[in-house]
1. Here are 24, 66: which of them is of a type outside the set (Phe, Trp, Tyr), at pLDDT below 95 and under 14 Å from residue 102 (Cα atoms)?
2. Regarding the range 80-103, can at least one residue be identified that is closer than 13 Å to residue 53 by Cα, among the charged types (D, E, K, R) and touching an Asp or Glu at 6+ places or on another chain (Cβ under 7 Å)?
3. Using beta carbons and a limit of 7 Å, which pairs, at least six apart or on different chains, have the first residue in the range 65-88 and closer than 22 Å to residue 44 by Cβ and small (Gly, Ala, Ser) and the second one surrounded by 11 or more Cβ atoms within 10 Å (Cβ to Cβ) and modelled with pLDDT of 90 or more?
4. Just to be sure before I move on: is residue 86 under 18 Å from residue 27 (Cβ atoms), modelled with pLDDT of 95 or more, of a type outside the set (Lys, Arg) and not in a strand (DSSP E or B) in the structure I sent?
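The values are calculated or read from the model by the stated rules, or taken from the named source; none is laboratory data. These numbers come from a predicted model, not from an experiment. Cβ atoms come from the backbone with ideal geometry, glycine included; neighbour counts cover every protein chain shown.
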Amino acid sequence: MAAMRIMVINGFISLILSFSILSDVNADSFRCGRKLVKTGDSSIDLLRICGKPRYKDRGYEKIKVDGVTRSERVERWYYKKSSRSLERQVLLYRGRIAAIEIGSR
């Protein structure tokens, strides 16, 4: 009986840890309403489908371009549907979605 409780507690702890590890995950796409945006889409399509982001950030980040990692000027657009949803960070490079990251609540 005690061994069973320990197994249940260990399983619960593993589940919690797996959710905390997923706090910053990369995605290839995400849904805005009934439409989908994905890596490779233009910033114009992103605006049309998802609307204005709640926040924009510009700067230089190390990204891989044509197989070479280098520092490039990028933009990050932040989207969050509600207080209960996960934040989406969209990395734009040369007017196209280069990456989509799923942040925390």
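1. 24
2. Yes, because at least one residue in the range 80-103 is closer than 13 Å to residue 53 by Cα, among the charged types (D, E, K, R) and touching an Asp or Glu at 6+ places or on another chain (Cβ under 7 Å).
3. none
4. The answer is no for residue 86.
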